[in-house]
Amino acid sequence: MTEKKTNNLVKTGIIGVVAGLLGGGVAYAGLSQVNNDSASQSGTPIVKTVKNTSKNSGEMTAAYNTVKNTVVSVVNLKRQSSTSSSDPFGIFGDSSSSSKSSSKSDLETYSEGSGVIYMKSNGKGYIVTNNHVVSGSDALQVILSNGKKVTAKKVGADAETDLAVLTIDGKYVTQTAQFGNSKNLEPGQPVIAVGSPLGSQYASSVTQGIISAKSRTIDVTNSNGQVTNQATVIQTDAAINPGNSGGPLVNESGQVIGINSMKLSSSGDGTSVEGMGFAIPSDEVVTIINELVKNGKITRPQLGIRVASISELTDYAKKQLGVSSNVKSGVLVASVTKNGTAAKAGIKAGDVITKVDNKNISDVASLHTVLYAHKVGDHVTVQVIRDGKNKDINVTLN
């Protein structure tokens with residue numbers, strides 16, 4: 001199976017990059033006129049500041065002040081390994097032995113990201129962040145806006161949407177953020193991103209930009225770089241850097257309209273890219289975190305099949321698998337789980353799925369996208385090519 005060239009999407013939760021200073025001119029208010037009397041008694045020319053003629057604050061300053069105390073740094077802690085320090089993978093340790101011999105003092109910071117406190121209920125404060133910020137942690141710590149460090153617990157996480165929910169003791173919560181409706185966004189609308197770029201030493205950093213696109217579909221890849229899903233995200237040119245992951249994208253009203261998740265650092269041909277960050281829309285965030293709080297996980301329908309994208313198969317592989325050379329897109333069913341959803345419905349190995357509920361299926365990512373829009377128990381019509389003919393199969397998702 002050949003690997004497609006994809007844009008380099010960087011999830012921004014891991015710390016370990018060297019920051020470059022971004023230069024910029026500094027404008028000082030009040031220097032709009034030239035004073036003729038600009039010399040000291042010694043004759044040396046001097047210049048003085050004058051009283052500001054305009055207010056320093058604006059809408060986005062007010063928006064920042066609305067959310068600043070809700071934004072936290074999220075610290076992913078891992079246990080130190082008893083393995084020799086020369087082992088580059090020692091940090092991951094042996095779960096069976098480290099759990100018995102390690103203590104809190106063995107924990108060390110593995111990575112840092114951001115999060116936002118969005119609810120206080122039943123003595124707990126609830127924080128939304130990215131799944132990749134907290135993934136693989138042995139313990140979690142939250143650094144509040146006032147610098148206080150508190151222990152956090154993971155309620156649930158979802159790798160598909162890259163979201164996670166944490167809790168802290170409610171006594172530390174002085175303010176909660178409000179979610180806005182991401183469907184109402186418009187390109188060009190001003191926004192700010194708040195978080196901890198490069199870690200907690202830059203906590204509560206704020207960057208400003210606009211909504212570049214309200215709905216952008218991007219590929220989601222697994223650890224092997226293979227496209228497994230597609231996500232619809234908000235594109236912004238507000239600066240998003242490593243450590244900003246999990247922090248809020250905020251509109252001029254101080255409402256959270258997205259959770260920052262990734263940035264585009266270079267194109268497929270290696271061209272450097274600036275000002276292309278992506279955030280998970282608030283409408284999706286609210287749906288996912290409510291289910292995570294309720295169930296601890298997201299349950300999605302499964303067909304019970306192993307598949308491969310037709311577009312990734314070589315002509316030789318197609319011939320060996322009995323796929324017609326005329327079939328250019330779709331998803332090949334490589335095998336069917338016995339007594340699984342697909343098997344019960346009549347889907348067979350060798351079928352090529354081309355549509356689900358009349359929506360075109362071009363590859364594995366699009367199949368997942370359509371399926372994950374449904375719930376367990378939903379009825380869908382799956383169109384397949386079998387023996388050169390189209391066939392509709394009714395499936396009850398489980």
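Computed from the Cβ-Cβ distance with R0 of 25 Å, the FRET efficiency linking K183 to Q302 stands at 0.30. Note on surface exposure: T381, T70, T44 rank T44, T381, T70 by accessible area, highest first, 1.4 Å probe.
Placing unit charges on the Cβ atoms only, positive for Lys and Arg and negative for Asp and Glu, gives the stretch 262-323 a dipole magnitude near 400 debye about its Cα centre. Based on C-alpha pairs under 8 angstrom that are at least 6 apart in sequence, the stretch 298-365 has a relative contact order of 37 percent. Close amide H contacts of I393 (hydrogens built in the peptide plane, cut-off under 5 Å, sequence separation of 5 or more or a different chain): V382, Q383, V384.
Accessible area of Y110 (1.4 Å probe, protein heavy atoms only, ligands and nucleic acids ignored): about 80 Å².
For the stretch 337-398, averaging the sequence separation of C-alpha pairs within contact (under 8 Å, six or more residues apart) and dividing by the residue count gives a relative contact order of 37 percent.
With a Förster radius of 56 Å applied to the C-beta separation of T232 and V47, the computed FRET efficiency comes to 0.60. At the residue level, S366 shows approximately 10 square angstrom of accessible surface with a 1.4 angstrom probe and all protein chains present. Taking 0.36 nm per residue of separation and subtracting the current Cα-Cα distance, fully stretching the chain between K171 and S325 would add 49.0 nm. In this label model, N398 and K294 are separated by 2.3 nm, measuring between points 7 Å along each Cα→Cβ vector.
Protein-only accessible surface at a 1.4 angstrom probe places the residues V336, V273 in the order V336, V273, largest first. Distance between the modelled labels on E274 and Y372, one decimal in nanometres: 3.2 nm (7 Å Cα→Cβ projection). How large is the accessible surface of K124 in square angstrom, using a 1.4 angstrom probe and rounding to the nearest 10? Using a 1.4 Å probe on the heavy atoms, I get roughly 100 Å². Distance from the alpha carbon centroid of the stretch 306-344 to that of the stretch 355-371 works out to 14 angstrom.
Taking all protein chains together, M262, M119 sort by accessible area into M119, M262, largest first [probe 1.4 Å].
The values are calculated or read from the model by the stated rules, or taken from the named source; none is laboratory data. Since the structure is predicted, the reported quantities are computational estimates derived from the model, not experimental observations. Quick reminder, even Gly has a Cβ in these numbers, built from the backbone with ideal geometry, and neighbours come from all protein chains shown. Ligands, DNA and RNA are stripped out before the accessible areas are found, and what is left, the full protein with its side chains, is counted by its heavy atoms. Shrake-Rupley method; radii C 1.70, N 1.55, O 1.52, S 1.80 Å.
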